[in-house]
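Remarks on the structure that follows.
Computed from the coordinates by the stated procedures, all read-outs in this text should not be read as laboratory data. Since the structure is predicted, the reported quantities are computational estimates derived from the model, not experimental observations. Heads up, the Cβs are rebuilt from the backbone with ideal geometry, glycines too, and the neighbour counts pull from every protein chain shown.
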Amino acid sequence: MIALKLTETKKFMNQLLCTETFDHFLLAEAAIVKDATFTINGRITPSFYQKEELLENGLAECGILPYAKLRPICYQIIRGTHTPVRFKFIFTLSPENMANTLAKSSSGCTAHDVTGIFLNLTFQNGALTLTTGISYAVFPADHTLDREWDRLIRLFLDRYGISYKEL
């Protein structure tokens, strides 16, 4: 697990809310505190969709909505003249991206060993922080997967020009 301070808040917020940079992540949960607290549970409500819609949109396997579907809602809540008091976004990988990450890591972990690979964004007291995490179903013998996830996040941030410093 790593903790990074994102150093260009305004630029980052534009990328988060107005571009497709994070759209391939699933948004497990978001909490945005402004004049009221807004909570978004990213879990799919199956009865909202026709079975065919879930399959066509690749949502049948995930159980959580892609950030791309929730980004406009997050933007509407956050935008305005006042900066939020705080917020937290919990992103996770889709089953397909988790499988790719597991394969790249050469850790020996399988999809049955890992219940989630996470990216957490927190804004509080004027600071924007990113942390990584992995939820294991079993106790890992080593932390190869953790190191690979941390490496991939740094590459992702660098690729999109997101400035950070280690905490």
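Just how large is the dipole of the chain about the Cα centre, in debye to the nearest 20, putting +1 at every Lys and Arg Cβ and -1 at every Asp and Glu Cβ?
Working: 17 positive and 17 negative charges, 142 e Å.
It works out to roughly 680 debye.
Using DSSP to call loops (not H, G, I, E or B), can you name the GluC sites (Glu not before Pro) in segment 1-83 whose Cβ has at most 16 other Cβ atoms within 10 angstrom?
Values: sites: Glu8, Glu20, Glu29, Glu52, Glu53, Glu56, Glu61; in loops: Glu8, Glu20, Glu61.
Of the GluC sites (Glu not before Pro), the ones in loops of segment 1-83 whose Cβ has at most 16 other Cβ atoms within 10 Å are Glu8, Glu20, Glu61.
Gaussian network model of the chain, Cα springs within a sub-10 Å range: biggest mean-square fluctuation belongs to which of Ser106, Ser135, Ser47?
Per the Cα network of the chain with a 10 Å cutoff, Ser47 tops the list.
Which one of Ala99, Thr9, Ser47 is farthest out on the positive end of the charge dipole of the chain, using unit charges on Cβ (Lys, Arg +1; Asp, Glu -1) and the Cα centre as origin?
In the chain, that residue is Thr9.
Starting from segment 6-86, pick out the chymotrypsin sites (Phe, Trp or Tyr not before Pro) whose DSSP state is loop and whose Cβ has at most 16 other Cβ atoms within 10 Å. Don't skip to the answer; put the middle values down first.
Working: sites: Phe12, Phe22, Phe25, Phe38, Phe48, Tyr49, Tyr67, Tyr75; in loops: Phe22, Phe25, Tyr49.
Those satisfying the criteria are Tyr49.
Run the dipole for segment 65-148 about the Cα centre, Lys and Arg Cβ at +1, Asp and Glu Cβ at -1, nothing else charged, and hand back the magnitude in debye, nearest 20.
Computed about the Cα centre, the dipole is about 520 debye.
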